[in-house]
Amino acid sequence: MDGNGRWAQGRGLPRTAGHRAGADAVRRVVEAAGEQGIDVLTLYAFSSDNWRRPAAEVEALMRLLRGYLRNEVDKLRGNGVRLSFIGRRDRLSPVLVRMIESAEETTRAGRKLHLRIALDYSSRDAIVAAARAMAEAQVFSRQELSRLLDSPDVDLLIRTSGEQRVSDYLLWEIAYAEFHFAACHWPDFDGAELAAALASYRSRERRFGGIPAAV
Ligand code: IPE
Ligand code: MG
């Protein structure tokens with residue numbers, strides 16, 4: 001989810017207004033993802049490097065997240081959406097951690113869509129933590145690392161706002177991911193943009209190192 005700040009800037013609004021519009025986009029896109037048959041959707045809400053931003057912006061993002069959880073969890077459960085979080089929790093406020101745990105518990109049975117939110121997330125840190133656990137257990141394998149990361153392989157990675165970077169996101173999981181770079185800023189991303197990304201994805205032949213199916 002990139003481009004909230006630029007979206008706001010382009011309208012002469014403060015960056016926080018962009019984040020608010022970004023939260024509205026989350027509601028729309030989650031609904032569209034369910035309708036368009038997505039099984040797992042992982043949204044990059046806040047990276048571990050985002051702590052470098054001004055405290056006021058960080059607090060605005062955290063407040064929006066608390067608002068999202070307060071307002072949306074019942075609706076998500078009603079729509080069969082399971083919500084879970086990846087990333088560190090020890091640097092989040094205790095109130096937010098409690099809300100996250102409660103949301104995960106409340107929506108656990110959801111089967112229509114698994115919505116995952118990456119919060120205080122760094123893929124490198126997650127891989128190091130998983131490597132440490134593998135060393136402790138003396139079990140080293142691809143399967144074990146994937147299991148410890150608790151994160152499925154990514155089929156399609158979408159980044160908005162025209163940036164073409166990975167930014168420490170799901171590095172192990174994107175080994176064979178297809179990439180889609182949407183020109184629009186995240187607040188303008190919607191069901192139609194998602195459908196376009198999926199159409200592009202479906203038009204590609206994924207060979208996983210093999211050769212074209214017809215050959
Ligand atoms: C949202 O967009 C991403 C978050 C960290 C919430 P940005 O805040 O990165 O917006 P730009 O890139 O400055 O436009
Ligand atoms: Mg950005």
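Close Cβ contacts (under 7 Å, 6 or more residues apart or on different chains) running from residues in segment 96-114 that are in contact (Cβ under 8 Å) with a residue 24 or more places away in the chain to residues that are among the aromatic types (F, W, Y) comprise I100/F85.
Every condition in (1) without any contact (Cβ under 8 Å) to a residue 12 or more places away in the chain; (2) more than 16 Å from ligand 2 (Cβ to nearest atom) holds for R27 except the one numbered (1). The residues on offer are S146, S200, S141, and the sole one that is exposed (fewer than 11 other Cβ atoms within 10 Å of the Cβ) and out of contact with any Ser or Thr (no Cβ under 9 Å at 6 or more places or on another chain) is S141.
Give segment 75-95 a look and list any residue that's assigned to a helix (DSSP H, G or I), of a type in the set (D, E, K, R) and without any contact (Cβ under 8 Å) to a residue 12 or more places away in the chain, or say none.
Our first condition is that a residue be assigned to a helix (DSSP H, G or I); within segment 75-95, this holds for 75-78, 94-95.
With of a type in the set (D, E, K, R) added as a condition, the list becomes 75, 77.
K75 - this is the single residue of segment 75-95 that is assigned to a helix (DSSP H, G or I), of a type in the set (D, E, K, R) and without any contact (Cβ under 8 Å) to a residue 12 or more places away in the chain.
Considering only residues in segment 180-200 that are over 25 Å from I86 (Cα atoms) and out of contact with any helix residue (DSSP H, G or I) (no Cβ under 9 Å at 6 or more places or on another chain), the one that is nearest to ligand 1 (Cβ to nearest atom) turns out to be A183. Restricting segment 91-111 to residues that are among the aliphatic types (A, V, I, L, M) and surrounded by 12 or more Cβ atoms within 10 Å (Cβ to Cβ), the residue that is nearest to G80 (Cα to Cα) is A103. Among residues of segment 172-192 that are farther than 30 Å from E144 by Cβ, those with a beta-carbon under 8 Å from a residue that is assigned to a loop (DSSP other than H, G, I, E, B) and of a type in the set (D, E) at least six positions away or on a different chain give the pairs F181/E163; H185/D2; W186/D2.
The residues of segment 137-179 that are part of a loop (DSSP other than H, G, I, E, B), of a type in the set (D, E, K, R) and either within 16 Å of ligand 1 (Cβ to nearest atom) or more than 19 Å from H114 (Cα to Cα) (or both), listed by number, are E163, R165, D168. Report whether or not R165 is under 16 Å from the mean Cα position of the chain (by Cα) and either at pLDDT below 95 or more than 22 Å from I38 (Cβ to Cβ) (or both). Against the criterion (under 16 Å from the mean Cα position of the chain (by Cα) and either at pLDDT below 95 or more than 22 Å from I38 (Cβ to Cβ) (or both)), R165 qualifies. Residues to consider are L43, L92; find the one that is within 24 Å of A130 (Cα to Cα) and under 14 Å from the mean Cα position of the chain (by Cα). Result of the check over L43, L92: L43.
Before we move on, is L156 in contact (Cβ under 8 Å) with a residue 12 or more places away in the chain, away from ligand 2 (no atom under 16 Å from the Cβ) and within 19 Å of D49 (Cβ to Cβ)? So L156 does not fit the description; no. Scanning segment 1-53 for residues that are over 20 Å from Q164 (Cα atoms), within 11 Å of ligand 1 (Cβ to nearest atom) and part of a loop (DSSP other than H, G, I, E, B) gives G10, R53.
The values are calculated or read from the model by the stated rules, or taken from the named source; none is laboratory data. Everything numeric here is computed off the predicted structure, so don't read it as measured data. Note: ideal-geometry Cβ built from the backbone for every residue, glycine included; neighbour counts use all protein chains shown.
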